[in-house]
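First comes the structure, then the notes that go with it.
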Amino acid sequence: MSSTDISIHPDVHHAHEEHDHHHDQNFLEKYIFSQDHKVIAKQFLFAGIFWAFVGGFLSILFRLQLGWPEATFTFLEPILGGWIENGKLNPEFYLAMVTMHGTIMVFFVLTAGLSGTFANFLIPLQIGARDMASGFMNMLSFWVFFLSSVVMFMSLFLDTGPAGGGWTVYPPLSALPQAIQGSGTGMTMWLISMALFIVSQLLAGVNYITTIINLRTKGMSMTKLPLTVWALFFTAILGLLSFPVLFSAALLLIFDRSFGTSFYLSDIYIAGEALTNTGGSPILFQHLFWFLGHPEVYIVILPAFGLVSEVIATNSRKPIFGYRAMIGSMIGIAILSFVVWAHHMFVTGMNPFLGSVFMFLTLIIAVPSAVKVFNWIATLWRGNIRFSTGMLFAIGFVSLFISGGLTGIILGNSALDIQLHDTYFVVAHFHLVMGAAAFFGMFCGVYHWFPKMFGRMMDEKLGSVHFWMTFISVYLVFMPMHYIGIAGFPRRYYNWTGFETFNIFTDMNTFISLAAIIGFSAQFIFLFNFIYSIFKGRRATQNPWHANTLEWTTPVLPGHGNWPGEIPTVYRWPYDYSKPGASEDFIPQNVPFSQTQSSNLPSERDLE
Amino acid sequence: MITFAIGLSIVLLFVVLFLLFRIGTLASIFRGSSQRAVGTTRTSNRVNSTLFLLFLIGGGAAFAWSFADSWDTMNLPLASVHGEWTDDLFWTTMVVIGIVFVITQVLLFIYSFKYQHQDDKRAYYYPHNNKLEIVWTMIPAVVMALLVFGGWKTWTKITSAAPEDAVVIEVMGKQFNWMVRYPGADGELGVAKHTLITATNEFGVDFSDPAAMDDFMPMEIHVPKGQPVLFKIRSRDVIHSVFLPHFRVKMDAVPGMPTKFWFVPTKTTDEMRSETGNPDFKYELACTEICGRGHFAMRYILIVDEPEDYQAWLAKQTPFAVQNPEVAAKFSSTSEQAVAANKTEKAEEVKSEL
């Protein structure tokens, strides 16, 4: 929609008024307590990037320990202070770092940073809405998240350290300060922070769902939605249904820790004293935790599915292959994700019959996942691929998702899980499939939608250097980890030198640590590119990627309300790329069929 | 001074890199890159698509080489009956997913290379093909069904009830070591309660229970080769997990909820020593559930004996009650009723919860 059209529309006056009104906003309303979905998205993005560097840095610290178990780390004393004892890392602090790395990456980066950024940014822009259903709730969602971040960040500086019982915080370890220092104040702050985090997620989720259902522009039926919006829709539903369960798990844990109840505690003798708790079950916590925890991994990966589908279609200049199958497989994955949680618990002493049931349900998920992969590859087939940085990351995503996803077939098999449970095989599996892959989805999204966020382009050369360094080092880190896992190396070990069985692969661990350091360093190229491009990047055009979706019909830098005039009407699905007979190789969603008679398919004739 | 020099050279290096980046950007603008849509420039497409192809070939070769090179190291020697089933199933599944892995990765990278942008070309408009979708839904579904069936059969056999004649051993995890208890000649473990735990009586065994009188707690686990061994697993503080890598055995030790795992060892420690060529070889028991500061150091030794050696070893053991008569003596005053009450509790011991 060109700007000259606007003046003839009657409600332009209203739109301008709204626009002008917001020019009067002071700094605080415009950038800090903003209710504009685009500003909130950027706030989530900046917070996510900050947390990603914190989480990544922690992983480098413990990779140093694992790669060079005999070395002394006196040089880290200025940063870590008392946690370095005589040049050695304190083993409890090692566990605390592992715990915080997991918590930060899963929740603060890949949940808040990924779906927080892109759900906020893309939902209104792609469905043709002026903003979220409730701008205020949206703002609240960010600031509650911010508060939760502050609490979690502060816990890193406690004398007794942050929570140290693993990101899954299984009681009794997480319930008893006698068991590990981190289960004192650190764990209390973890629980407070997570409770706030859940509140933030629920506020956001309700908003996303409502917006997608109610605020779609004229003509935007559910079957004309871009896959990004579908993916974010399912993500929001999963979050809304599963996060409350984590909340209840956390609440009961708070009761056990502070009010002497026995939900999770039973028959414990610790620190020279028998506790009075009886009748509780630690396994109950695991059921409740994984009832969130498993949908959570799909909350992390579904937005990446959406972003990647969109970027692959746009840059292959081809419609996404099997649009309906893509939606169907996401529905399948979303539903199945609620009935597979106990595959994390095959060897907890759970009834073996349940193990069989959960193995069956878990392996079914491989089917819709495989369909998605085949569809992405089919989309590339006979395309005309533009290697923008976003596209590089999208292809990288598919590769990582295959590599990591396939080993899920092994781990979902309860008989095989006996040997592999809690070994590095699991670590390699989920880091590839939900860690690195989701990160690649996020990078893909940032590079692709950066022009719409900041009105400027990111540098493509630096982007490609960033991609190749990251892609190669991710494989160098996680492929060898499978070997270590097959050899049975247990997770969360401070070192393995005490065991003859695990006194192998020392060089391999050093190698992995080196690759991790290179991979982490490459992220500074991204950071530079990101910050530099916000201020000095090349100015973007309105539709730099020649994409079809509605966000590219907005001005280069959309203001409050997104479209200066009327919201465009949608006539077609978002994937009319390279349609035979069309003059360009893309037809945006807001172009009516009457204007594209040369390319209309027989079935579209009567829509003219 | 040296630190300063190093710092300065690092700063200068960054300045140089930054200038190179600026010059590169300006040069590309002069070459007219800004006139073209992003991602359609010749160099960027040729470089990136070729790199994908190189990544496929180079990465594939590196993976194949490192896999072959690590093969002997990653395959732990095997010493149990059910381990053979799970190892076979593991490598069968590996072959299946390996095939899918190779096909999909090859297609992904080959297509990326082959269909790189060309100005005079247009992509093929191909939005869907339901037949194809059905085919590639059904194939994985059938493969999964077979794998589920194989896994389910193996899993059911492994988790079935232990044979009557199994050697029963109690394994208890605590921060941060393992402790084991044998039932002694009567084949029955005495009742234990966490409230009875003291510095000497670490299991909290109730010695008013006659079955407890011949229980003994050795410093190493001994099991006979070729006979089923049933581990009754519990924890007295936080969750631990019993992991015997060579026997492919793993089961969590949960406070308040006893668990179990049974297996049949197939090679004695001596046989394993000659097989691996390592005269110091020992079977190890490790913890695989995060349990605190000493999680990485919960090592315990397990020795597999020939059945006759095992009998000889058993005969040499002295019951705890005999070694520590003063501990057992304290219990003599306990009423019969307490034991009876404890007995009913014990009946539930083997039951798996949830």
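Numbers below:
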{"quantity": "Partner lysines for residue A:461 [C-alpha distance under 21 Å; skip if fewer than 8 residues away on the same chain]", "calculated": "A:452, A:536"}
{"quantity": "Along chain B, longest interval not containing exposed GluC sites (Glu not before Pro), exposed being DSSP loop plus at most 13 other Cβ atoms within 10 Å", "calculated": "B:1-163"}
{"quantity": "Ranking of A:28, A:173, A:140 by count of other Cβ atoms within 10 Å, fewest first", "calculated": "A:28, A:140, A:173"}
{"quantity": "For B:259-267, mean number of other protein chain Cβ atoms within 10 Å", "calculated": "1"}
{"quantity": "When each of B:225/B:282; A:318/B:121; B:153/B:260 is checked by Cα-Cα distance, pairs over 21 Å", "calculated": "none"}
{"quantity": "The stretch A:36-595: translational diffusion in µm²/s, Stokes-Einstein, Kirkwood Rh over Cα pairs, 37 °C, 0.692 mPa s", "calculated": "135"}
{"quantity": "Qualifying chymotrypsin sites (Phe, Trp or Tyr not before Pro) in the stretch A:190-292, DSSP loop, other Cβ atoms within 10 Å at most 12", "calculated": "A:259"}
{"quantity": "Candidate aspartates and glutamates - alpha carbon under 16 Å from residue B:330, same-chain residues fewer than 8 apart omitted", "calculated": "B:202, B:206, B:209"}
{"quantity": "Three-way shape call for the stretch A:532-608 based on the alpha-carbon gyration tensor, with the a/c threshold at 1.5", "calculated": "oblate"}
{"quantity": "Residues in the stretch A:324-345 that a label on residue A:357 would reach, taking backbone N under 15 Å of a point 7 Å out along Cα→Cβ", "calculated": "A:338-345"}
{"quantity": "Mean Cβ neighbour count within 10 Å, used as a protection proxy, ranking A:387-393, A:462-468, A:595-601 highest first", "calculated": "A:387-393, A:462-468, A:595-601"}
{"quantity": "Under the span-like rule (Cα at least 24 Å along the axis, Kyte-Doolittle mean at least 0.0), DSSP H helices of chain A", "calculated": "A:37-67, A:135-155, A:185-214, A:227-258, A:282-316, A:389-411, A:437-454, A:460-486, A:506-536"}
{"quantity": "Average partner coverage of B:111-119, which counts Cβ from other chains inside 10 Å", "calculated": "6"}
{"quantity": "Globularity ratio of the stretch B:167-347, using Cα Rg and 2.2 N^0.38 Å", "calculated": "1.05"}
{"quantity": "Distance from the stretch B:253-287 to the stretch B:202-230 (C-alpha centre basis), Å", "calculated": "17"}
{"quantity": "Inter-probe distance in nm under a simple model that places probes 7 Å from Cα toward Cβ, at residue B:273 and residue B:161", "calculated": "3.9"}
{"quantity": "Cα gyration tensor category, rounded, prolate or oblate, for the stretch B:1-107 with a/c compared to 1.5", "calculated": "oblate"}
{"quantity": "Of B:157/B:232; A:38/A:579; B:174/B:250, pairs whose Cα-Cα distance is over 24 Å", "calculated": "A:38/A:579"}
{"quantity": "Full-stretch length increase - residue B:50, residue B:29 - with 0.36 nm per residue and alpha-carbon distance subtracted", "calculated": "5.2 nm"}
{"quantity": "Choice from B:45, B:130, B:177 showing the highest fluctuation, given a GNM over chain B with Cα pairs closer than 10 Å", "calculated": "B:130"}
{"quantity": "Burial ranking of peptide ranges B:205-215, A:80-90 (average Cβ count within 10 Å, highest at the top)", "calculated": "B:205-215, A:80-90"}
{"quantity": "Zone of residue A:527's modelled label, taken as backbone nitrogen in the stretch A:111-138 under 12 Å from a point 7 Å along Cα→Cβ", "calculated": "none"}
{"quantity": "Most mobile of B:274, B:80, B:241 in a GNM of chain B (Cα contacts under 10 Å)", "calculated": "B:274"}
{"quantity": "Segment residue A:335-residue A:273, extension gain: residue separation times 0.36 nm, minus the distance between their alpha carbons", "calculated": "17.8 nm"}
{"quantity": "Chain A - percent relative contact order, Cα under 8 Å, separation 6 or more", "calculated": "16"}
{"quantity": "Convex hull volume per residue in cubic angstrom - Cα atoms of the protein assembly as shown", "calculated": "172"}
{"quantity": "Projected label distance in nm at residue B:185 and residue B:135, using a 7 Å step from Cα toward the beta-carbon", "calculated": "7.4"}
{"quantity": "Chain A - mean residue ellipticity at 222 nm from DSSP helices (-39,500 (n - 2.57) per run, n ≥ 4, rounded to 500)", "calculated": "-19500 deg cm²/dmol"}
{"quantity": "Loop sites in the stretch B:78-143: chymotrypsin sites (Phe, Trp or Tyr not before Pro), DSSP, at most 16 other Cβ within 10 Å", "calculated": "B:124"}
{"quantity": "Beta bridges by DSSP in the protein assembly as shown, antiparallel share as percent, to the nearest 5", "calculated": "70"}
{"quantity": "Average partner coverage of A:486-498, which counts Cβ from other chains inside 10 Å", "calculated": "6"}
{"quantity": "Neighbour cut-off at most 16 other Cβ (10 Å), DSSP loop, chymotrypsin sites (Phe, Trp or Tyr not before Pro), the stretch A:95-169", "calculated": "A:157"}
{"quantity": "Theoretical gain in end-to-end length, residue B:62 to residue B:312 [0.36 nm per residue, Cα-Cα removed]", "calculated": "84.8 nm"}
{"quantity": "Expected 222 nm ellipticity per residue - DSSP helices of 4 or more, -39500 (n - 2.57), all of chain B, to 500", "calculated": "-15000 deg cm²/dmol"}
{"quantity": "Computed FRET value (nearest 0.05) for residue A:248 with residue A:218, which takes r as the C-beta separation and R₀ as 51 Å", "calculated": "0.75"}
{"quantity": "At least 27 Å along the helix axis (C-alpha) and Kyte average at least 0.5, DSSP helices within chain B", "calculated": "B:2-30, B:81-114, B:130-159"}
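Only the coordinates and a few stated rules stand behind these numbers; no lab work does. None of the values given here were measured: they were computed from a predicted structure. A quick note on method: Cβ atoms are made from the backbone with ideal geometry, for glycine too, and the neighbour counts reach across all protein chains shown.
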